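Structure first, commentary second.
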Amino acid sequence: MRKRAPEPSRRQAGDKSVAVIDEEPGEAIDSPSLDQEAVKEAQKERLSGLDRATLIGIYHEMVLVRRFEEKAAEAYSSGKIGGFCHLYIGQEAVAIGAISAIRKDDYALTSYREHAHAIAKGMTPESVMAELYGKAGGCSKGKGGSMHMFDREVNFLGGHGIVAGQIPLATGVAFATKYKGTDQVTLCFFGEAAVNQGAFHESLNMAQLWKLPCIYICENNQYGMGTSLKRAMSFQDIAEKARAYEIAAEFVDGMDVLAVREATQRAVERARKDYLPTLLEVRTYRFMGHSMSDPGNYRTRAEIEQHQERDPIKLFAASLKEEGVLSDAEFKEIEAKVKEQVERAVQFAEDSPLPAAEELFTDVYANPIVPGKRD
Amino acid sequence: MAVVTMREALNQALREEMLRDENVFLMGEEVAAYEGAYKVTKGLLAELGDKRVIDTPITELGFAGLGVGAAMAGLRPIIEFMTFNFSILATDQIINSAAKMLYMSGGQFKVPIVFRGPSGSAFQVSSQHSQAIESWFSYFPGLKVVMPSTPADAKGLLKSAIRDDDPVIFMEQERMYGNKGEVSDDVEFTIPLGVADIKREGTDATIVARSLMVPMALKAADVLEQQGVSCEVIDPRTIRPLDIETILKSVKKTNRVVIAEESHPYFGVSAEIGSQIMERAFDYLDASVRRVSGADVPMPYAKNLEELAIPGVDQIVAAVREVAYLD
């Protein structure tokens, strides 16, 4: 079974609902269908199929990671967080929509833009913030940092800093679950720039060859650091590339959290039932720079604002409100609760001790060997 | 005990460990139906089936990374590189993933995996197929690096490597697969990683040799004995972690040391061993540490040039005579 990717919107040149984006100097490819009425209708239908608690849970999580990252940006600017800090703001619908479609014992791996995935997978904001602070209470004991978050308890396997490095790893996790005969699935998130790496192609080939239950989720935010997709990829329909490996693929609106959730659910079913992989191309946009040190001179303000009109949190909030799922008072309650959660995370990170100096030499080997020792 | 080839000894280790633990699987190019490009995996597919013995496409980065992911999820993969020359394509996953995973996850994700295959020079296979790259892998904390020189060591060390909870680079030597030796058939026979072996005892000079250089060093010791020089030959067997204590003990006894290796001299394993000897046993040395290394050139094809590029018995003998001030 194979699902064709819908025609990307740039093929609909005559469609008046498709906004024209200034090509210079920004070079973003067009967003998926901007026909707001159609999007709303689709969301309404999706909403009606879900219970209130699930909807509120998803919305709460989106607001949580947004506020968490705003706080992280603040902490970075004031020197509390070092190194790199890649923010996810604008892309929340992808991690949260997809992870809402899997079980706790399923696996997830992603790149270095990972705070949202970690929290969505069940890690506490406290352990993630403390890791950003480089503290002993961090999920990786302060040894991994922003790019290397891990939590064995919730099967979150990182946090990888080399573009596409996590793709073969996730393929291996899926291999292991099939080998052991479990019905767990593995979500593998990566940016569109990773698609140009050999690791992506090598992995997709093996995944379909050996029928591995891995769901490859390409978060197409249209820029690999400062290089637009147009300047980096000869053929830009990423979902279509799945055809080269006979892998099922879908093209998904990454600003619609429920659309991402549903596409992931379809992929999960294929993976659980038949051990089949899927490639999802999820079209999204990052509102912030590549990292905190991004000058942003490769795209226009207008382009960013254009995409911010389809802020995934705003879109979802509007639907929830329109459908009467949440009242104004309840929206405020969620904001207040999130504020408290984020403050608690910051406090925990502030209070957590620095890693002890002895930690420098621990965890290099699981089985450290004293040379010369015969047992 | 039975006399078997290095190839058979490795095969026994693979078979025994796969029978012992069903989480161990073997993956690589031509390991299954073809039974291994060097026949190390002969008979394993037939006995263990295609779930455990898996032929891969030619996709080194991909299956090396797949192995690391599978190890993170609880399996114990053995990834065969048809030769370590091809592991160069997979170094991102070996170094950036396998070596660092435990550390950067704060101790949460160990990577019990063995990357194995032939390494070093073969017979006239030229520049891209004749490389001894153990110094690369030995550089990285998080990896263990093993290089056996006898069938018994090959079996005992490979079994330990498979049982070990860390990523192990296990480098066999292409020219040595047919070498024969006595090997235990006890399924519990293992040799611990990180323990050097004194291959020959002596009093006048120490020769530190690994892999292909061990039989050469032993031959050199025979020649030198005729000339009145008693050589101790030490095979570290594990390059990382290195059993430097055994080497130092020998150097303190003989006061002279030659380090023989097939690989290039620059920034290599011999440089590290020599440096550690200098730091920790300088006062015991009666001569400067002397290295015998492969020529500092890409491996040539022509038979005569290839012979010149690989250190031989004569060079080791000359080096020992030099540190003993005999010439």
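General remarks:
- Selection of the range A:109-131 for residues being within 22 Å of A:ASP351 (Cβ to Cβ) and either away from chain B (no Cβ under 14 Å) or modelled with pLDDT under 95 (or both) yields A:HIS115, A:ILE119, A:THR124, A:PRO125, A:GLU126, A:MET129.
- In this structure, B:GLU30 qualifies as over 23 Å from B:PHE189 (Cβ atoms) and either in contact (Cβ under 8 Å) with a residue 40 or more places away in the chain or facing chain A (nearest Cβ under 10 Å) (or both).
- Restricting A:LEU187, A:LEU209, A:LEU258 to those that are more than 14 Å from every other protein chain (Cβ to nearest Cβ) and at pLDDT 95 or above reduces the list to A:LEU258.
- Condition met for A:TYR59 (within 19 Å of A:GLU350 (Cβ to Cβ), among the hydroxyl-bearing types (Ser, Thr, Tyr) and surrounded by fewer than 24 Cβ atoms within 10 Å (Cβ to Cβ)): no
- Meets criteria (aliphatic (A, V, I, L, M), assigned to a helix (DSSP H, G or I) and without any contact (Cβ under 8 Å) to a residue 12 or more places away in the chain) for A:ALA317: no
- Summed over the range B:239-259, the residues that are within 11 Å of another protein chain (Cβ to nearest Cβ) and farther than 22 Å from B:GLY312 by Cα give a count of 9.
- Qualifying positions in the range B:278-302 - over 17 Å from B:SER250 (Cα atoms) and of a type outside the set (Ser, Thr, Tyr): B:VAL292, B:GLY294, B:ALA295, B:ASP296, B:VAL297, B:PRO298, B:MET299, B:PRO300, B:ALA302
- Close pairs (6 angstrom Cβ cut-off, 6 or more residues apart or separate chains): more than 7 Å from chain B (Cβ to nearest Cβ) and under 16 Å from B:ARG52 (Cβ atoms) in the range A:163-179, at pLDDT 95 or above and surrounded by fewer than 24 Cβ atoms within 10 Å (Cβ to Cβ) anywhere: A:LYS178/A:TYR275
- Residue in the range B:284-293 that is in contact with a helix residue (DSSP H, G or I) (Cβ under 9 Å, 6 or more places away or on another chain), within 20 Å of B:MET171 (Cα to Cα) and charged (D, E, K, R) present: no
- Residue in the range B:308-317 that is assigned to a loop (DSSP other than H, G, I, E, B) and in contact with a Gly (Cβ under 8 Å, 6 or more places away or on another chain) present: yes
- Here B:THR83 passes the criteria (1) within 13 Å of chain A (Cβ to nearest Cβ); (2) under 23 Å from A:GLU202 (Cα atoms); (3) among the polar types (S, T, N, Q) except the one numbered (1).
- All positions within the range A:240-266 that are in contact with a Leu (Cβ under 7 Å, 6 or more places away or on another chain), crowded, with 24+ Cβ neighbours inside 10 Å and within 21 Å of A:GLN197 (Cβ to Cβ): A:ALA242, A:ALA249
- Restricted to the range B:230-247, and to residues there that are surrounded by fewer than 24 Cβ atoms within 10 Å (Cβ to Cβ) and of a type in the set (S, T, N, Q), the residue that is farthest from B:LEU193 (Cα to Cα) is B:SER230.
- Scanning the range B:292-307 for residues that are crowded, with 17+ Cβ neighbours inside 10 Å and part of a helix (DSSP H, G or I) yields a single hit, B:GLU306.
- Positions within the range B:272-327 being touching a His at 6+ places or on another chain (Cβ under 6 Å) and either without any contact (Cβ under 8 Å) to a residue 40 or more places away in the chain or among the basic types (Lys, Arg) (or both), in sequence order: B:ASP296
- Residues in the range A:145-169 that are out of contact with any strand residue (DSSP E or B) (no Cβ under 6 Å at 6 or more places or on another chain), within 21 Å of A:ALA73 (Cβ to Cβ) and buried (at least 24 other Cβ atoms within 10 Å of the Cβ): A:SER146, A:GLY159.
- Members of the range A:190-206 found to be at the interface with chain B (Cβ under 8 Å from one of its Cβ atoms) and surrounded by fewer than 24 Cβ atoms within 10 Å (Cβ to Cβ), listed by number: A:GLY198, A:ASN205
- Of the criteria (1) aliphatic (A, V, I, L, M); (2) under 12 Å from the mean Cα position of the chain (by Cα); (3) in a loop (DSSP other than H, G, I, E, B), which one A:ILE96 fails: (3)
- Residue check for B:GLY268: away from chain A (no Cβ under 14 Å) and more than 15 Å from B:ARG321 (Cα to Cα): yes
- Each residue in the range A:151-166 was checked for being over 15 Å from the mean Cα position of the chain (by Cα) and assigned to a loop (DSSP other than H, G, I, E, B), and 3 of them qualify.
- A search for C-beta distances below 6 Å between a residue of the range B:96-122 that is facing chain A (nearest Cβ under 8 Å) and any residue that is part of a strand (DSSP E or B), counting only pairs 6+ apart in sequence or on different chains, returns B:PRO112/B:ARG76.
- Single match in B:ILE162, B:ILE198 (criterion: aliphatic (A, V, I, L, M), surrounded by fewer than 17 Cβ atoms within 10 Å (Cβ to Cβ) and either touching a Pro at 6+ places or on another chain (Cβ under 9 Å) or not in a helix (DSSP H, G or I) (or both)): B:ILE198
- When the test is whether a residue is touching an Asp or Glu at 6+ places or on another chain (Cβ under 7 Å) and either surrounded by 24 or more Cβ atoms within 10 Å (Cβ to Cβ) or closer than 22 Å to A:ILE167 by Cβ (or both), B:SER119 passes it.
- Extreme residue, farthest from B:ASP165 (Cα to Cα), among residues of the range A:350-367 that are of a type outside the set (Ser, Thr, Tyr), surrounded by 13 or more Cβ atoms within 10 Å (Cβ to Cβ) and more than 8 Å from chain B (Cβ to nearest Cβ): A:GLU350
- A:ALA136 being buried (at least 24 other Cβ atoms within 10 Å of the Cβ) and not in a strand (DSSP E or B): no
- Residue in the range B:56-78 that is within 13 Å of chain A (Cβ to nearest Cβ), closer than 20 Å to A:ASN205 by Cβ and surrounded by fewer than 21 Cβ atoms within 10 Å (Cβ to Cβ) present: yes
The values are calculated or read from the model by the stated rules, or taken from the named source; none is laboratory data. Just so it is clear, the model here is predicted, and its values are computed rather than measured. When we count neighbours, we look across all protein chains shown, and the Cβ atoms used for this are built from the backbone with ideal geometry, even at glycine.
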